[in-house]
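Asks: Handing you a structure now.
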Amino acid sequence: MRLDKFISSQRGDLSRSAVKELCRKGLVTVNGTAVKKSDTRIDEHTDVIAVSGEVIGYREFVYIMLNKPQGVVCATKDRLSDTVLELIPPELRRGGLFPAGRLDKDTEGFVLITDDGDLAHKMLSPKSHVPKTYLVRTAYPTAPELVELFASGLTIDGGEVCMPAELTLSDDPYQCTLVLHEGKFHQVKRMFEACANKVTYLRRTRIGGLELDKSLPLGGCLEIVHKDVEKLLAR
Ligand code: URA
């Protein structure tokens, strides 16, 4: 791969022309030697590339945990609203990133941003049954009978039958936790509506076996480390 292509694909804040300039200044090294020509060919798997002394590790794909705030849409482009991609810090930006799955504009919480289409497909496919956990606040107390009803497969508007879902009540009757194994359109809201209740606040707290980092502020991102990526698919 060309050196400039490698660096700009790994570092969204460095364009190819920026890399050219850094090379000219002698700030780019390959295996410890300054390289002046940005079109030099490198082996991205074995060569050690550094910019201003900082080594750039090769990542084929990136996986970013975003704590989505309300008011932002899960899309790559939107004419009217800010998108989740605009919350990605420059050093994590690169071509091909997209949100794997959608939360509503007024829902908060865990959104995975990645450029790994295969993983996203596995995570979202209804056949994979990857659980998604939601903290739900409702306008009226949640009736305890809903635990059984949700577990047996609730029918929502239009006759759609939901897969069995795990509802856990809390000491606060207006707050509960729901685990879904599929992702129908507005599913959580529609499930509560079907039971004469209304969702007033919704936050996704977990995807598969990976919990939204509690220290991550709304709008904050962190890169998911390699060993945690497979937890996204854990049932
Ligand atoms: N269910 C909903 O109703 N909205 C979301 O954003 C996610 C799940």
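The values are calculated or read from the model by the stated rules, or taken from the named source; none is laboratory data. In this text the structure is predicted, and so the values were computed from the model without any measurement. A quick note on method: Cβ atoms are made from the backbone with ideal geometry, for glycine too, and the neighbour counts reach across all protein chains shown.
Asks: Quick one: Thr29 ticks every box in (1) more than 16 Å from the ligand (Cβ to nearest atom); (2) more than 19 Å from His226 (Cβ to Cβ); (3) of a type in the set (S, T, N, Q); (4) assigned by TED's automatic domain parsing to the domain that holds Pro217 except a single one, so which number is it?
Replies: Among (1) more than 16 Å from the ligand (Cβ to nearest atom); (2) more than 19 Å from His226 (Cβ to Cβ); (3) of a type in the set (S, T, N, Q); (4) assigned by TED's automatic domain parsing to the domain that holds Pro217, Thr29 violates only (4).
Asks: Now for a different question. Which of the following residues is away from the ligand (no atom under 16 Å from the Cβ), closer than 30 Å to Glu60 by Cα and either assigned to a strand (DSSP E or B) or polar (S, T, N, Q) (or both): Leu222, Leu232, Leu216?
Replies: Leu222 is the lone residue from the list that is away from the ligand (no atom under 16 Å from the Cβ), closer than 30 Å to Glu60 by Cα and either assigned to a strand (DSSP E or B) or polar (S, T, N, Q) (or both).
Asks: Would you check if there is a residue in segment 79-93 being of a type in the set (Gly, Ala, Ser), on the phi < 0 side of the Ramachandran plot and not assigned by TED's automatic domain parsing to the domain that holds His226?
Replies: no
Asks: If you take the residues in segment 166-200 that are among the aromatic types (Phe, Trp, Tyr) and at pLDDT 95 or above, which one is nearest to the ligand (Cβ to nearest atom)?
Replies: Phe192
Asks: Let me ask you something else. Glu148: at pLDDT 95 or above and more than 16 Å from the ligand (Cβ to nearest atom), yes or no?
Replies: Considered against the rule, which asks whether it is at pLDDT 95 or above and more than 16 Å from the ligand (Cβ to nearest atom), Glu148 comes out as yes.
Asks: What do you reckon, is Arg203 under 24 Å from Val229 (Cα atoms), outside the structural domain of Arg94 (by TED's automatic domain parsing) and within 13 Å of the ligand (Cβ to nearest atom)?
Replies: yes
Asks: Output the residue which, of all residues in segment 106-127 that are surrounded by fewer than 16 Cβ atoms within 10 Å (Cβ to Cβ) and within 16 Å of the ligand (Cβ to nearest atom), is modelled with the highest pLDDT.
Replies: Asp106
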